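Below you'll find the structure, written out as structure tokens, and then a few comments.
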Amino acid sequence: MMRRVAQRSGFVKTLLASVLLAFGGAQSGAQDAATAVDLSDPRYVAGAAMLDAEFERTVDETILLTEIPAPPFGEDKRAEAYLAMFRDTGFADAARDEEGNVLALLPSGAERGPVIVVSAHLDTVFPIETDVTVKREGDRLTAPGVGDATRNLAVILAYARAMKESGLRTKTDILFVGTVGEEGPGDLRGVRHLMTQGDYAGRVKAFLSFDGLDPEEIIASAVGSRRYRTIFRGPGGHSFSDFGMVNPMGAMARTVEELYALEVPSDPPTSYAASMVSGGRSINSIPDVVQLQVDLRSFSPEELARLDREYLAATERAVVQENARRLTSKGELTVENTLIGDRPAGGGGGDSAIAQTALAAYSAHDFSPEFSAASTDSNIAMSLGIPALTLGSGGTEFGAHSLDEYIELPREDTLRGMRAGYAAVLALAGAPPEQD
């Protein structure tokens, strides 16, 4: 998951009809959100009791999954283990789709009706050779990837188990998903396939991603990003005898200089970064190839598109200028831009109905969430106009994407976060008609 950006502080306490219907409440009118969820509803009570009874099992499953390496494009072993867990839980039809996602459906009884997706991502940022052995000290689990987002795989499995074993019924099918390719080079490939090409494309009515542990934050907007690999090519040569020839390094430097001269708004937040450079053959050679990688981001699809156009134009101008200023007798400089990351912006923000539903569920568990924006699996659903959120599952996390990453799972506080997320899932899935 990408670094989050605060969207607004505080939160609106509003009673939502959708939450009341889902939980059988009888109140009406605007009042404190903590009363919006009926925590005495038998469906909620049964699930919360199972989460409590199987808390240590969930911790053990967090450890088991963390110790299976899962870099982007290398998630297979973890995905197969996760699939086996769902089948052991009673989801006999659980399977992997063409992209590698793990899918487990809790049917409502409606034939090919809409679905609510409850997801967490399988991959981590760490290379396959990384030591992912978990060190446990009391409530603390330390290992690369343990928090982002392996812990959430165990939590949504616990939700699925609680619903399955209690015989819970909902108005809408719930599709539990372990996605591939959320991190970095994965470019959201798993959720992109799920939402646009897979068997459930066009059927998703709401999307929840559990990514991160903080129950005081509801990610209700998507930060979009465009990432490029830009390759400058020239004839190369000897640093002394071919002095004056076009140099890809010069064009790369001009591109970076022009990029960093661009003015971008702070509202909506927009950014750019020249992140990686490689190339050259020796210190006494004019390079024939230089590669530059850049990251462009914005809350706004329009600002992101503008930044994208200006960057591409800058690369073309840099090549024209280098060819005009230096010798081209051995060949001209060229540029090739390859899009290597495309995460769309979008989302309804904190005022959307789905955000207010989650707010009511978390507030009922004595949390005071703030709405924020980030780049997560929810980006794809948000960009398609499908109500979507990214939520925390309880506990605290530290040092995400670092080798020193760890999480702390004090039992009562963590269970409170897990129950809040469970309540949000139930609210969105709804009760069957006879329980309305």
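If the condition is being under 20 Å from residue 387 (Cβ atoms) and either at pLDDT 95 or above or crowded, with 24+ Cβ neighbours inside 10 Å (or both), then the stretch 104-113 contributes 105, 106. Among the residues examined, residue 352 qualifies as touching a strand residue (DSSP E or B) at 6+ places or on another chain (Cβ under 9 Å), at pLDDT below 95 and at negative phi.
For beta carbons closer than 8 Å, sequence separation of 6+ or different chains, a first residue in the stretch 281-307 that is under 16 Å from residue 245 (Cβ atoms) and a second that is assigned to a strand (DSSP E or B) and open to solvent by less than 40 Å² (accessible area, probe 1.4 Å), the qualifying pairs are 285/237; 286/237; 286/245; 289/231; 289/232; 290/231; 290/232. Residues that are closer than 30 Å to residue 382 by Cβ and surrounded by 20 or more Cβ atoms within 10 Å (Cβ to Cβ) are absent from the stretch 322-332 altogether.
Being assigned to a helix (DSSP H, G or I), β-branched (Val, Ile, Thr) and modelled with pLDDT of 95 or more narrows it down to one residue among 255, 230; which is it?
Values: 230 fails: assigned to a helix (DSSP H, G or I).
Only one candidate passes the filter, namely 255.
Would the stretch 72-82 turn up any residue that is under 14 Å from residue 178 (Cα atoms), open to solvent by 10 Å² or more (accessible area, probe 1.4 Å) and modelled with pLDDT under 95? Yes - at least one qualifying residue is present in the stretch 72-82. Scanning the stretch 157-207 for residues that are open to solvent by less than 10 Å² (accessible area, probe 1.4 Å) and in a loop (DSSP other than H, G, I, E, B) yields a count of 7.
Of the residues making up the stretch 312-329, at least one is touching a residue at least 24 places away in the same chain (Cβ under 8 Å) and assigned to a strand (DSSP E or B).
Conditions (1) within 23 Å of residue 325 (Cα to Cα); (2) open to solvent by 40 Å² or more (accessible area, probe 1.4 Å); (3) polar (S, T, N, Q), marked per residue:
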position: 209; (1), (2), (3): no, no, yes
position: 222; (1), (2), (3): no, no, no
position: 239; (1), (2), (3): yes, yes, yes
position: 254; (1), (2), (3): yes, yes, no
position: 273; (1), (2), (3): no, no, no
position: 279; (1), (2), (3): yes, yes, no
position: 283; (1), (2), (3): yes, yes, no
position: 287; (1), (2), (3): yes, no, no
position: 301; (1), (2), (3): no, yes, no
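If we scan the stretch 105-123, do we find a residue that is without any contact (Cβ under 8 Å) to a residue 60 or more places away in the chain, closer than 30 Å to residue 171 by Cβ and small (Gly, Ala, Ser)? Within the stretch 105-123, none of the residues are without any contact (Cβ under 8 Å) to a residue 60 or more places away in the chain, closer than 30 Å to residue 171 by Cβ and small (Gly, Ala, Ser). Looking only at the stretch 400-435, residues that are without any contact (Cβ under 8 Å) to a residue 12 or more places away in the chain and either among the β-branched types (Val, Ile, Thr) or part of a loop (DSSP other than H, G, I, E, B) (or both) come to 0 in all. Here 387, 410, 432 are screened, and the one residue that is of a type outside the set (Asp, Glu), touching a Gly at 6+ places or on another chain (Cβ under 9 Å) and open to solvent by less than 10 Å² (accessible area, probe 1.4 Å) is 432.
Check the stretch 368-381 and report whether any residue there is assigned to a strand (DSSP E or B) and open to solvent by 10 Å² or more (accessible area, probe 1.4 Å). Yes; the residues of the stretch 368-381 include at least one that is assigned to a strand (DSSP E or B) and open to solvent by 10 Å² or more (accessible area, probe 1.4 Å).
The values are calculated or read from the model by the stated rules, or taken from the named source; none is laboratory data. None of the values given here were measured: they were computed from a predicted structure. Quick reminder, even Gly has a Cβ in these numbers, built from the backbone with ideal geometry, and neighbours come from all protein chains shown. SASA here: full protein model, heavy atoms, side chains in, ligands and nucleic acids out. Shrake-Rupley method; radii C 1.70, N 1.55, O 1.52, S 1.80 Å.
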